[in-house]
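Asks: The following block contains the structure, expressed as structure tokens.
The values are calculated or read from the model by the stated rules, or taken from the named source; none is laboratory data. As the structure is a computational prediction, the values presented were derived from the model and not from experiment. Note that we place each Cβ from the backbone using ideal geometry, even for glycine, and neighbour counts take in every protein chain shown.
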Amino acid sequence: MQPRGMFALIVAAMLLAGVSAQAAVTTVFFDDFDTDPGTAGAGGRGGVDPNFADAWTELVDHGSDADAIADILPTGAGEAQFKSDGPSHTDNDQFFITRTIDATGYSNLRVSLALRESDTLEVQDTVKVQIDTGSGFFDVASVAGDFNNITLGPAPLGTTANNTTFQLRVAGATNVEDIFLDRIEVTSIDVGSEIYSDTFTISPNPAAAGATGRNGFTDGWTIELGETGGTRSVVNTAGDAVMHRTDSDTSPDENDYEQITHTFSTVGYRDITLDLTASQTNTTWESDDHLQILYSVDGVNFIPLLTDFGIWDGGGPSVGGTGNTTPTNTGSIAIDDPNANNNPNFAIRIIGFHNASSEDYHIQDISIQGFAIPTPAALPAGLALLTLTTLRRRRA
């Protein structure tokens, strides 16, 4: 066999072994709301699993409005509508759809919800995705005010939702405008072994080379500041990498950022995933402040992986308000790009955009995982036999 033919055979065998596959993202539940959420047995509900062919439990709280016009109903256009009482009523209508999700056998769960508004909503109008794993409902993703067409998440559900049954709820509040739900999905991501982690117990600066707090790499992160003159920094404070500025900018622009970048190798690994834990200072954050995670397959061009606006919740779109001081993890994020596999130039960049001296992003930790790529010697017996058989045929 010619060398080129042998190489092609090995590549084909490795492809059969799943080397080029991306991190497995499994749909645990979805609903495209083609039918009324309260109608049992709807064919468009949970189409991947007949166990989810039942209905949501619906509840509308009309407040003091006696005529009870508000309702939850299908639009006929593939959406579920939270229909308000209209402008002649004063109380916010509260809408809830709730159902049981069986996540037995699944972990690293995330939820996403696609929705839109009928008009400009008021600040107090909200939509929340919540779960209850036994201790009461808590928010995993939310939006308020003017949000137009958006997708909340994918937002992590936390470790308490792993391998168990829990309650999933969508809660809406509005008194004039209608809210439309287009699609909700719960997914699970397979996560490999840890390739790299950093707890930022030391400065992210390269000068901190060799410290044991940076697992897998002895060098630091490259720091870039949007403005010079000593107004910005990324330093270690109380075990966190803190993105800080000493002044405030009343006219924010593209230079209001700090970023840290790390280039390293994923050679020998595939199905790359990432998770990051961060928090904010206890001050007022505007809705355009945001923390962004990007990746690169060439060390030069960076692709956004997650952008979280306003209050940090690790799950995408949010709103302005008091910063989240509780370290909050993004959950496992699949880097759905085959070029990230087995790549010596893979890189991660974290950017904080904010314009006030009281606004600090705290990065607590980051972890990157992947599955080991099987070597030809470690290929399954069937693939080894395929290789041997092909060689014998060629020689014959």
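Asks: So which residues in region 124-181 are of a type in the set (Ser, Thr, Tyr) and assigned to a loop (DSSP other than H, G, I, E, B)? Walk me through it before giving the result.
Replies: Going residue by residue through region 124-181, those that are of a type in the set (Ser, Thr, Tyr) are 126, 133, 135, 142, 151, 159-160, 164-165, 174.
THR133, SER135, THR164, listed by residue number.
Asks: Within region 220-316, which strands (runs of 3 or more DSSP E) (wholly inside it) include 3 or more residues that are more than 21 Å from the chain's Cα centre (by Cα)? If you could, list the steps in order and put the result at the bottom.
Replies: Working: elements: 222-225, 232-237, 240-245, 257-263, 269-280, 290-296, 303-309.
Per the criteria, 222-225, 232-237, 240-245, 257-263.
Asks: Any chance region 152-160 includes a residue that's more than 30 Å from GLU79 (Cβ to Cβ), surrounded by fewer than 17 Cβ atoms within 10 Å (Cβ to Cβ) and modelled with pLDDT of 85 or more? Talk me through it step by step, then tell me what you get.
Replies: In the first step, residues of region 152-160 are kept if they are more than 30 Å from GLU79 (Cβ to Cβ); the result is 159-160.
From what's left, surrounded by fewer than 17 Cβ atoms within 10 Å (Cβ to Cβ): 159-160.
This time we only want the ones that are modelled with pLDDT of 85 or more, so: none.
No, that holds for no residue.
Asks: Please specify each residue of region 263-282 satisfying the condition of being surrounded by fewer than 21 Cβ atoms within 10 Å (Cβ to Cβ) and of a type in the set (A, V, I, L, M).
Replies: Across region 263-282, the qualifying residue is only VAL267.
Asks: Same structure again: Looking only at strands (runs of 3 or more DSSP E) that fall completely inside region 10-112, which ones have 2 or more residues that are modelled with pLDDT of 80 or more and closer than 19 Å to ASP132 by Cα? Steps first, please.
Replies: On the way: elements: 25-31, 57-61, 71-74, 80-83, 93-102.
It comes to 25-31, 57-61, 93-102.
Asks: Just to be sure I understand the filter: pairs with C-beta atoms under 8 Å, separated by 6 or more residues or on different chains, first member in region 348-368 and farther than 18 Å from GLY320 by Cβ, second member of a type in the set (Gly, Ala, Ser) and in a loop (DSSP other than H, G, I, E, B). Which pairs pass?
Replies: If the second residue must be of a type in the set (Gly, Ala, Ser) and in a loop (DSSP other than H, G, I, E, B), the pairs left are GLN364/GLY239.
For every residue, the table says whether it meets (1) surrounded by fewer than 16 Cβ atoms within 10 Å (Cβ to Cβ); (2) at pLDDT below 95.
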site	(1), (2)
ASN329	no, yes
ALA334	no, yes
ILE348	no, no
HIS354	no, yes
SER367	no, yes
PHE371	no, yes
GLY382	yes, yes
LEU391	yes, yes
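Asks: Looking at ILE260, ILE293, ILE311, which is the one that is at pLDDT 90 or above and either surrounded by fewer than 17 Cβ atoms within 10 Å (Cβ to Cβ) or over 18 Å from THR201 (Cα atoms) (or both)? Lay out the reasoning, then the answer.
Replies: Numbers: ILE260 fails: either surrounded by fewer than 17 Cβ atoms within 10 Å (Cβ to Cβ) or over 18 Å from THR201 (Cα atoms) (or both); ILE311 fails: at pLDDT 90 or above.
Selected residue: ILE293, the only one of ILE260, ILE293, ILE311 that is at pLDDT 90 or above and either surrounded by fewer than 17 Cβ atoms within 10 Å (Cβ to Cβ) or over 18 Å from THR201 (Cα atoms) (or both).
Asks: Scan region 192-216 and report the pairs whose first residue is surrounded by 12 or more Cβ atoms within 10 Å (Cβ to Cβ) and modelled with pLDDT of 70 or more and whose second residue is among the aromatic types (Phe, Trp, Tyr) and outside any strand (DSSP E or B), with Cβ atoms within less than 7 Å and a gap of 6+ or a chain change.
Replies: TYR196/PHE217; TYR196/PHE264; PRO204/TRP221
Asks: For region 317-352, give me each residue that is part of a loop (DSSP other than H, G, I, E, B) and small (Gly, Ala, Ser).
Replies: The initial filter retains those residues of region 317-352 that are part of a loop (DSSP other than H, G, I, E, B), namely 317-320, 323-327, 330-332, 335-337, 341-346.
Within region 317-352, SER318, GLY320, GLY323, GLY331, SER332 qualify.
Asks: OK, next. I'm trying to understand the selection: among the residues of region 277-292, which are hydroxyl-bearing (Ser, Thr, Tyr) and within 18 Å of PRO327 (Cβ to Cβ)? Full working, then the answer.
Replies: Looking only at region 277-292, we keep the residues that are hydroxyl-bearing (Ser, Thr, Tyr), and these are 277, 279, 281, 283-284, 287.
THR277, SER279, THR281, THR283 - these are the residues of region 277-292 that are hydroxyl-bearing (Ser, Thr, Tyr) and within 18 Å of PRO327 (Cβ to Cβ).
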